[in-house]
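Let me begin by presenting the structure, written as structure tokens, before commenting on it.
The values are calculated or read from the model by the stated rules, or taken from the named source; none is laboratory data. Remember, it's a predicted structure, so these values are computed and weren't measured experimentally. In this analysis, Cβ positions are derived from the backbone assuming ideal geometry, glycine residues included, and neighbour counts consider all displayed protein chains. For the accessible areas, the whole protein counts, side chains as well, though only heavy atoms, and no ligand, DNA or RNA atoms are used. Shrake-Rupley method; radii C 1.70, N 1.55, O 1.52, S 1.80 Å.
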Amino acid sequence: MNDPASGGALPVHLLTGFLGSGKTTLLNRLLRSAWMQGTLVIVNEFGEVGLDHLLIEAPADETILLANGCLCCTVNGDFLLTLSRLVARRDAGEVPPFDRVVIETTGLADPVPILRTLHADPLIASRYALRGVIAVVDALSGLDTIGRHEEAFRQVSAATHILVSKGDLASPGA
């Protein structure tokens, strides 16, 4: 496990994609894997939180313990403050330890401000390290969506990895 107190930064993966692309479906499937145990999931408060069926405990604040030992947190304000508080709560033993972070953006999000936050603030940059930006693109409507919506274009442009969803529903020519 990466330990920020000893100089190691927590790996961060940003999961983005336009509305209906399948981000939450992908995240739900990933969280069922044993190798995702110890993951902190941060979801944008404007997005759909489709993790309800995995919940076992809901503390009084916005942090939720998931069945596989992961944590889920909703951003209710300043993203920078949320990141700072979470690592402080982790270090103080107030939340179970986590050794990686997945940030799921809302479907209308421009991921660039989040990326800037991770790099610009010295404290955050010393505690969290961006490892990748995964953009989920719908095989049925993705090209049209990217062409018509600036947010979708920005999501794909910022991606280090592009995952095409719903391929089983697309025609062979798509």
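Loop-located GluC sites (Glu not before Pro) across segment 73-174 with a Cβ neighbour count of 16 or fewer within 10 Å are 94, with loop assigned by DSSP.
Which semi-axes, in whole Å and largest first, does the equivalent ellipsoid of segment 76-174 have when worked out from the alpha carbon gyration tensor as the square roots of 5 times its eigenvalues?
Working: eigenvalues 207, 45, 24 Å².
Taking √(5λ) for each eigenvalue gives 32, 15, 11 Å, largest first.
Label-to-label distance for residue 19 and residue 112 is 2.2 nm, based on points extended 7 Å past Cα in the beta-carbon direction.
Using the Cβ of residue 165 as centre and a radius below 12 Å, the other residues enclosed give a net charge of +1, where K and R count +1 and D and E count -1.
For residue 143 and residue 80, compute 0.36 nm times the residue count separating them, minus their Cα-Cα distance, and round to one decimal in nm. Please report the intermediate quantities before stating the final value.
Details: separation 63, 0.36 × 63 = 22.68 nm, distance 3.25 nm.
Using 0.36 nm per residue and subtracting the Cα-Cα distance, I get 19.4 nm.
For residue 140, the accessible area of its heavy atoms, probed at 1.4 Å with every protein chain present, is near 100 square angstrom.
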